[in-house]
1. Tell me which residues, restricted to region 147-163, are in contact (Cβ under 8 Å) with a residue 12 or more places away in the chain and at positive phi.
2. Identify, please: which residue in region 208-225 is assigned to a strand (DSSP E or B) and under 12 Å from the mean Cα position of the chain (by Cα) and is, among those, farthest from Arg176 (Cα to Cα)?
3. Across region 325-336, which residue is surrounded by the most Cβ atoms within 10 Å (Cβ to Cβ) among those that are under 25 Å from Gly151 (Cβ atoms) and of a type outside the set (D, E, K, R)?
4. Go through region 247-289 residue by residue and tally those that are touching a strand residue (DSSP E or B) at 6+ places or on another chain (Cβ under 6 Å), buried (at least 17 other Cβ atoms within 10 Å of the Cβ) and in a loop (DSSP other than H, G, I, E, B).
5. Kindly indicate which of Arg173, Arg166 is farther than 30 Å from Phe254 by Cβ, free of Cβ contacts under 8 Å to residues at least 24 places away in the same chain and in the same structural domain as Ile223 (by TED's automatic domain parsing).
6. Filter region 80-92 for residues that are touching a Phe, Trp or Tyr at 6+ places or on another chain (Cβ under 9 Å) and touching a residue at least 24 places away in the same chain (Cβ under 8 Å); which is surrounded by the most Cβ atoms within 10 Å (Cβ to Cβ)?
7. Please state which one of Thr138, Thr164 is of a type in the set (Ser, Thr, Tyr), farther than 30 Å from Leu44 by Cα and at pLDDT below 95.
Amino acid sequence: MKSVKLLLVLVCIAHAGMSGARNLMAYECVDFSVTRKGTHFFILENKTTEAYSTFTWDLGDGRVKKVSGYDEVYFPFKGEYVITLLAESQDLKCKRTRKVVVENDDPDYYKNFRLVWSDEFDGNTVNLDYWSFETGATGWGNNELQNYTNGENAVVKDGHLIITARKVGHQIRQKRGDYTSTRMITKGKKEFQYGRIEVRAKMPKGTGTWAAFWMLGAGHPEIMWPHCGEIDIMEYVGYDPNIHNVAIHNGSSFGNTRNKSKIAVEDAVDDFHVYGLIWDKYSLKFYVDDVENVFYTYKPENYDRDTWPHSSPYFIILNLAVGGGWGGKKGVDDTVFPADYIVDYVRVYQNPEY
């Protein structure tokens with residue numbers, strides 16, 4: 001068993017106004033040990049003797065968790081990680097850090113994925129414990145024509161979610177609000193960081209429709225787009241039938257992003273297909289129907305806040321737009337409405353250890 005390489009740094013910060021004696025004690029306030037258990041697992045043991053209100057682990061890879069005293073943690077990817085034990089009370093904060101080194105990726109990381117959440121749409125209404133409706137006819141940043149309603153365009157029937165876009169305006173001139181549709185999000189209800197995220201769905205038919213299954217960083221809108229990160233797992237524009245599009249928008253490239261790809265999917269309108277993402281600490285991999293059928297991988301040469309805002313939780317979005325800068329590039333054919341985007345399920349798989 002290889003020895004754990006440890007770097008010890010002790011930092012204690014005493015609030016202003018505390019006594020000199022209390023300040024002196026702060027420099028010996030917390031302690032913990034790290035013991036390697038196999039190649040990718042470590043045991044963290046809090047050995048602090050002084051009483052504090054809270055103890056927290058910062059694992060150095062975006063994960064923060066409460067301290068139970070004796071915690072087993074898993075690092076599946078190669079790298080150096082600075083683990084921090086943070087102790088807090090009313091008038092004192094103190095932390096100690098140690099560094100662990102993982103020398104290779106865990107080859108079993110993906111094999112150990114398990115289903116952690118899904119919506120199989122088995123009921124008779126949209127589950128509002130999972131989803132919220134975003135509403136309005138704002139154009140949604142893309143000059144789209146639809147008005148998103150509060151559930152009137154979403155039906156759960158026979159094990160499927162059916163999102164229907166309808167023409168409601170009678171003018172020959174097509175304008176914003178002449179169509180209705182649905183946009184559903186899991187923000188604040190179901191948010192995920194890393195894993196395998198997929199939808200099984202049939203695409204709507206007709207020029208002017210624009211279906212999507214995608215994710216936004218949960219920090220949005222406080223963190224503005226594109227810096228919050230956007231992952232488009234599936235986009236389908238009706239004027240380009242049987243072509244499945246994926247894209248990533250972040251600070252390094254957005255709008256007409258260079259980080260994109262597409263693949264032909266036969267009978268996308270008539271048959272159900274699986275459109276999925278495999279997301280880990282270093283890459284975004286997109287596949288169709290089978291996890292082995294990866295056709296595009298996003299893995300930047302350098303990782304910074306512009307190229308990789310993808311190490312925090314994201315929420316899921318399902319929507320069917322009408323028109324817009326891309327969906328309406330070749331106009332909108334009013335004869336195709338009502339148009340249905342039919343979803344069989346949405347599933348999320350993760351490694352239970354990570």
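1. Passing the criteria: Gly151, Gly159.
2. This residue is Gly217.
3. Gly327
4. 3
5. Answer to the selection: Arg173.
6. Within region 80-92, the match that is surrounded by the most Cβ atoms within 10 Å (Cβ to Cβ) is Ala87.
7. Of Thr138, Thr164, the one residue that is of a type in the set (Ser, Thr, Tyr), farther than 30 Å from Leu44 by Cα and at pLDDT below 95 is Thr138.
A quick yes/no check of all residues on (1) under 19 Å from Lys329 (Cβ atoms); (2) of a type in the set (A, V, I, L, M):
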site	(1), (2)
Ile231	no, yes
Asn256	yes, no
Glu266	no, no
Asp290	no, no
Tyr298	no, no
Ser311	no, no
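The values are calculated or read from the model by the stated rules, or taken from the named source; none is laboratory data. All of these numbers come straight from a predicted model, not from anything done at the bench. Here Cβ is always computed from backbone atoms with ideal geometry, including for glycine, and neighbour counts include all displayed protein chains.
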